[in-house]
1. Short version: ³J(HN,Hα) in whole Hz for each residue of segment 117-133, in order, from phi by Karplus 6.51 cos²θ - 1.76 cosθ + 1.60 (θ = phi - 60°), x for Gly and Pro, what are they?
2. For the chain, find the longest principal axis of its Cα atoms and tell me its angle to the long axis of helix 44-54, 0 to 90°, nearest 10.
3. Using a Gaussian network model of the chain whose springs link C-alpha atoms within less than 10 Å, name the residue from PHE145, PHE12, PHE85 with the highest mean-square fluctuation.
4. So for the pair SER43, ASP125, with labels modelled 7 Å out along Cα→Cβ, what separation do we get in nm?
5. Restricting attention to segment 102-163, which trypsin sites (Lys or Arg not before Pro) occupy a DSSP loop and are surrounded by at most 12 other Cβ atoms within 10 Å?
6. Among LEU54, HIS107, HIS36, whose Cα lies farthest out toward the positive end of the dipole of the chain, if unit charges sit on the beta carbon of Lys, Arg (+1) and Asp, Glu (-1)?
7. DSSP beta bridges in segment 4-160, what fraction antiparallel, as a percent rounded to 5?
8. Quick one: what are the phi-derived ³J(HN,Hα) couplings along segment 3-13, Karplus 6.51/-1.76/1.60 with θ = phi - 60°, whole Hz, x for glycine and proline?
Amino acid sequence: MEIEKVIGDCEFFLNNVFQNLEKAGFFLDEFEELDHIAYRTESIEKYEEVKNKLVHFSEAYNEKIFNDRLIFVCRLKMPIKYGKFSIKGIELLAPKENNKHKNGLEHAEFVIKTTLLEFQKKHSDIEFNLDAYDRKENPELEVEFKDHAVKFHEQSLLEVRNI
């Protein structure tokens, strides 16, 4: 089984991500890595189904409750290749209460080469979502596009989770 049969068309999703980043004024050389992409589920049953399938593609993983919902993170045995990037992880999000999201790839997360503050100043024309900017564990800047979001960190989620 291919991972696309579990999480959907990664290339199509990533094409949209990179087109939107380019239009917004971001440059590829600002990113250290694209450490993972995230798949959101609309039911706990779908979350369990996808998680059980992702385990087969994983060399390591963990699951914990974060913001009142389960989140499964795995390091892939075979990273997903996209351009110069080698995506090593998948984040699987269980639905929050009063969920309005559909099943599917939802966001991509990049490790940046500078601090979040420097990155934010460089892109002062961008309206970042700052909800997790002051978070203690792995703070982030987020840009929301029509059909996905992109998050920026100083450290990989796989490192933060010791996976």
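Readers should treat all values here as calculations from the given coordinates under stated rules, not as data from a laboratory. From a predicted model like this one, the values you see are computed outputs, not experimental measurements. Here the Cβ is made from the backbone with ideal geometry for all residues, glycine too, and neighbour counts use every protein chain on show.
1. Each residue of segment 117-133 in turn: 5, 5, 5, 5, 5, 4, 10, 5, 7, 8, 8, 7, 7, 9, 4, 10, 5 Hz.
2. In the chain, helix 44-54 runs at an angle near 90 degrees to the longest axis.
3. Evaluated over the chain, the most mobile residue of the options is PHE12.
4. 4.5 nm
5. Working: sites: LYS102, LYS113, LYS121, LYS122, ARG135, LYS136, LYS146, LYS151, ARG161; in loops: LYS102, LYS113, ARG135, LYS136, LYS146, ARG161.
Here the trypsin sites (Lys or Arg not before Pro) that fit, given the DSSP loop and packing criteria, are LYS102, ARG135, LYS136, LYS146.
6. LEU54
7. On the way: 29 of 39 bridges.
DSSP beta bridges in segment 4-160 are roughly 75 percent antiparallel.
8. These are the phi-based 3J(HN,Hα) values: 4, 4, 6, 9, 10, x, 6, 5, 4, 4, 4 Hz.
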